[in-house]
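Visitor: One structure is given below, represented as structure tokens, and several questions about it will come after.
The values are calculated or read from the model by the stated rules, or taken from the named source; none is laboratory data. Source: prediction; values computed, not measured. Positions of Cβ are backbone-derived with ideal geometry, glycine not excepted, and every protein chain shown enters the neighbour counts. Side chains are part of the model used for accessible areas, which takes the heavy atoms of the whole protein and leaves out ligands, DNA and RNA. Shrake-Rupley method; radii C 1.70, N 1.55, O 1.52, S 1.80 Å.
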Amino acid sequence: MTDNSNANQQPDDLAQIRESVRALCAKFPGEYWRKLDRERAYPGEFVTALTQAGFLAALIPDQYGGSGLPMTAAAAIMEEIQAAGCNGAACHAQMYTMGTLLRHGSDAQKARWLPKIASGELRLQAFGVTEPTSGSDTLNLRTTAVREGDHYIINGQKIWTSRAEHSDLLLLLARTTPREEAKSRTGGLSVFLVDMRLAQGTGISVNPIRTMMNHATTELFFDDLRVPAENLIGEEGQGFRYILSGMNAERILIAAECIGDAKWFIQKASAYAKERVVFGRPIGQNQGIQFPIARAYAQMRAAELMVREAAAMYEAGRDCGAEANMAKLLAADASWAAADMCLQTHGGFGFAEEFDIERKFRETRLYMTAPISTNLILSYLAEHVLGLPRSY
Ligand SMILES: Cc1cc2nc3c(=O)[nH]c(=O)nc-3n(C[C@H](O)[C@H](O)[C@H](O)COP(=O)(O)OP(=O)(O)OC[C@H]3O[C@@H](n4cnc5c(N)ncnc54)[C@H](O)[C@@H]3O)c2cc1C
């Protein structure tokens with residue numbers, strides 16, 4: 001791709017960050033990811049390298065040992081990781097789950113955990129919200145946390161808790177007041193920071209789930225897990241609000257990853273279309289090959305504008321719920337369209353492991369479903385932006 005759009009439009013500091021991320025990612029080429037993908041193994045070395053370079057602590061304020069960078073910088077980091085063919089899904093959650101602790105944790109909690117998260121001594125990669133029975137209907141979750149003296153006793157189950165086997169800490173959403181007794185529709189849920197190092201084998205069990213891509217996801221079972229009351233984040237019963245307040249950051253960062261993926265697919269397809277000769281000419285000379293690449297590029301650029309708009313609004317402290325959701329929707333659509341186009345452009349070779357396309361194709365598809373499914377974004381826009389009746 002002869003695309004200088006980023007370099008031309010980014011302030012110098014972002015250009016520098018982008019360049020540093022690219023340099024780091026160059027040390028983790030396709031073979032590295034293919035081997036892990038085959039074995040469904042965690043990219044520990046890659047995550048360590050990102051942590052040591054300070055990228056995963058981008059959003060943690062300086063006073064807690066992070067770089068205190070704004071959202072646009074964090075989004076640029078995630079985008080570049082994906083555009084380089086790497087997979088940020090192994091570690092992206094730390095950037096946004098940390099925000100719940102930062103915004104709603106006490107000073108003592110922040111001082112206790114954030115410096116260790118920033119340095120990499122502790123990993124906060126696991127985020128336990130989804131449950132098998134309630135799915136997208138988060139308010140209906142069944143995991144309970146019951147106060148007993150200076151502990152909460154947790155019972156229940158989570159599903160799709162990604163990276164739980166590779167994380168020291170888990171940010172957990174559980175019900176502390178039965179739904180029918182809660183003061184409001186969204187009340188009665190609370191957030192806990194669970195130290196899984198202490199909990200393994202004593203109340204929490206972790207079962208890996210093998211998925212179509214290498215994602216290190218799991219299901220968790222809690223059986224009388226004892227969590228110190230001091231690990232409750234913020235006020236009891238306000239957990240849903242706290243989790244929601246982190247959703248915009250999550251949407252923006254994942255959308256930035258999708259833009260990175262789309263750029264990778266478009267670059268890969270353009271390069272191949274120029275060099276692959278069939279019927280005596282490069283396939284890229286045929287409009288049937290050119291047009292889908294050009295369309296994917298236009299779609300990616302349009303989505304990229306929305307991601308930047310959402311990130312800039314987030315950074316300015318403005319309400320960016322609609323923009324963050326639209327950014328996620330449009331970017332996930334753009335990355336999937338680019339993935340499909342790239343596979344088609346490569347003909348049979350697109351299916352060969354060594355081209356990395358089939359791997360990235362599987363990886364990027366996730367974002368139309370997680371961390372929020374496209375339908376739920378459309379419902380949000382219909383209800384909260386367009387004023388249509390609530391559909392669920
Ligand atoms: C690989 C992977 C990793 C994940 N990692 C995490 C994680 O780390 N932590 C975590 O908490 N969760 C995680 N998730 C869960 C993810 O957020 C959910 O899968 C996603 O939000 C969709 O929920 P669900 O799977 O329960 O689908 P369901 O809620 O069962 O929905 C199934 C389908 O029906 C649609 N649907 C449901 N209700 C409506 C409605 N009212 N209107 C229109 N359509 C509707 C949904 O959009 C979806 O397409 C992960 C999931 C995957 C697959």
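Visitor: Among the listed residues SER205, SER245, SER190, identify the single one that is open to solvent by less than 10 Å² (accessible area, probe 1.4 Å) and polar (S, T, N, Q). Steps first, please.
Guide: On the way: SER205 fails: open to solvent by less than 10 Å² (accessible area, probe 1.4 Å); SER245 fails: open to solvent by less than 10 Å² (accessible area, probe 1.4 Å).
Checking each option against the conditions leaves just SER190.
Visitor: Go through ALA312, ALA334 for me and flag whichever is more than 16 Å from the chain's Cα centre (by Cα), more than 20 Å from PRO371 (Cβ to Cβ) and modelled with pLDDT of 95 or more.
Guide: Just one listed residue meets the conditions, ALA312.
Visitor: What are the pairs with Cβ atoms under 9 angstrom where one residue, in the stretch 32-54, is part of a loop (DSSP other than H, G, I, E, B) and the other, located anywhere, is open to solvent by 70 Å² or more (accessible area, probe 1.4 Å)? Sequence gap at least six, or different chains.
Guide: The qualifying pairs are ARG40/PRO208; ARG40/ARG210; ALA41/LYS35; TYR42/GLU165.
Visitor: Look through ALA337, ALA370 and report the one residue that is touching a residue at least 12 places away in the same chain (Cβ under 8 Å), within 20 Å of LYS263 (Cβ to Cβ) and surrounded by 15 or more Cβ atoms within 10 Å (Cβ to Cβ). Write out each step before concluding.
Guide: Details: ALA370 fails: within 20 Å of LYS263 (Cβ to Cβ).
Exactly one residue qualifies, and that residue is ALA337.
Visitor: If you scan the stretch 234-244, which residues turn out to be within 16 Å of the ligand (Cβ to nearest atom) and either under 21 Å from ASP168 (Cβ atoms) or in contact (Cβ under 8 Å) with a residue 60 or more places away in the chain (or both)? If you could, list the steps in order and put the result at the bottom.
Guide: Step one: list which residues in the stretch 234-244 are within 16 Å of the ligand (Cβ to nearest atom), which gives 239-240, 242-244.
Of everything in the stretch 234-244, those that are within 16 Å of the ligand (Cβ to nearest atom) and either under 21 Å from ASP168 (Cβ atoms) or in contact (Cβ under 8 Å) with a residue 60 or more places away in the chain (or both) turn out to be GLY239, PHE240, TYR242, ILE243.
Visitor: Out of ARG226, ARG142, ARG197, report the one residue that is surrounded by fewer than 21 Cβ atoms within 10 Å (Cβ to Cβ), among the charged types (D, E, K, R), out of contact with any helix residue (DSSP H, G or I) (no Cβ under 9 Å at 6 or more places or on another chain) and at pLDDT 95 or above. Working first, answer last.
Guide: Working: ARG226 fails: out of contact with any helix residue (DSSP H, G or I) (no Cβ under 9 Å at 6 or more places or on another chain); ARG197 fails: at pLDDT 95 or above.
One residue alone meets the criteria, ARG142.
Visitor: A further question on this structure: Check whether at least one residue in the stretch 217-224 is within 15 Å of the ligand (Cβ to nearest atom), closer than 30 Å to GLY30 by Cβ and of a type outside the set (D, E, K, R), and report yes or no.
Guide: yes
Visitor: Consider TRP160 carefully, then state whether it is closer than 21 Å to ALA255 by Cβ and either surrounded by 20 or more Cβ atoms within 10 Å (Cβ to Cβ) or within 16 Å of the ligand (Cβ to nearest atom) (or both).
Guide: Working: closer than 21 Å to ALA255 by Cβ: yes; either surrounded by 20 or more Cβ atoms within 10 Å (Cβ to Cβ) or within 16 Å of the ligand (Cβ to nearest atom) (or both): yes.
It is true that TRP160 is closer than 21 Å to ALA255 by Cβ and either surrounded by 20 or more Cβ atoms within 10 Å (Cβ to Cβ) or within 16 Å of the ligand (Cβ to nearest atom) (or both).
Visitor: Do we find a residue being within 30 Å of CYS342 (Cα to Cα), charged (D, E, K, R) and surrounded by 20 or more Cβ atoms within 10 Å (Cβ to Cβ) anywhere in the stretch 58-81? Show your work before the answer.
Guide: Quick first cut of the stretch 58-81, residues within 30 Å of CYS342 (Cα to Cα) only: 71-81.
Restricting the remaining residues to those that are charged (D, E, K, R) gives 79-80.
Among the residues that remain, those that are also surrounded by 20 or more Cβ atoms within 10 Å (Cβ to Cβ) are: 79-80.
Yes, some residue in the stretch 58-81 is within 30 Å of CYS342 (Cα to Cα), charged (D, E, K, R) and surrounded by 20 or more Cβ atoms within 10 Å (Cβ to Cβ).
Visitor: Moving on. Which of (1) touching an Asp or Glu at 6+ places or on another chain (Cβ under 9 Å); (2) in contact (Cβ under 8 Å) with a residue 60 or more places away in the chain; (3) crowded, with 19+ Cβ neighbours inside 10 Å does LEU343 not meet, given it meets every other one?
Guide: So the condition that LEU343 fails would be (2).
Visitor: State yes or no: is LEU141 within 21 Å of THR217 (Cα to Cα), of a type in the set (A, V, I, L, M, F, W, C) and more than 16 Å from the ligand (Cβ to nearest atom)? Steps first, please.
Guide: On the way: within 21 Å of THR217 (Cα to Cα): yes; of a type in the set (A, V, I, L, M, F, W, C): yes; more than 16 Å from the ligand (Cβ to nearest atom): no.
Criteria not met by LEU141.
Visitor: Tell me which of these ALA108 doesn't satisfy, since it passes every other one: (1) within 16 Å of the ligand (Cβ to nearest atom); (2) of a type outside the set (D, E, K, R); (3) open to solvent by 30 Å² or more (accessible area, probe 1.4 Å); (4) in a helix (DSSP H, G or I).
Guide: Every listed condition holds for ALA108 apart from (1).
Visitor: What pairs can you find where one residue is in the stretch 201-228 and within 19 Å of ARG34 (Cα to Cα), the other is in a loop (DSSP other than H, G, I, E, B) and more than 10 Å from the ligand (Cβ to nearest atom), and their Cβ atoms are less than 7 Å apart, with a gap of 6+ or different chains?
Guide: Within 7 Å, the pairs are ARG210/ARG40; ASN214/ARG40; ALA216/TYR42.
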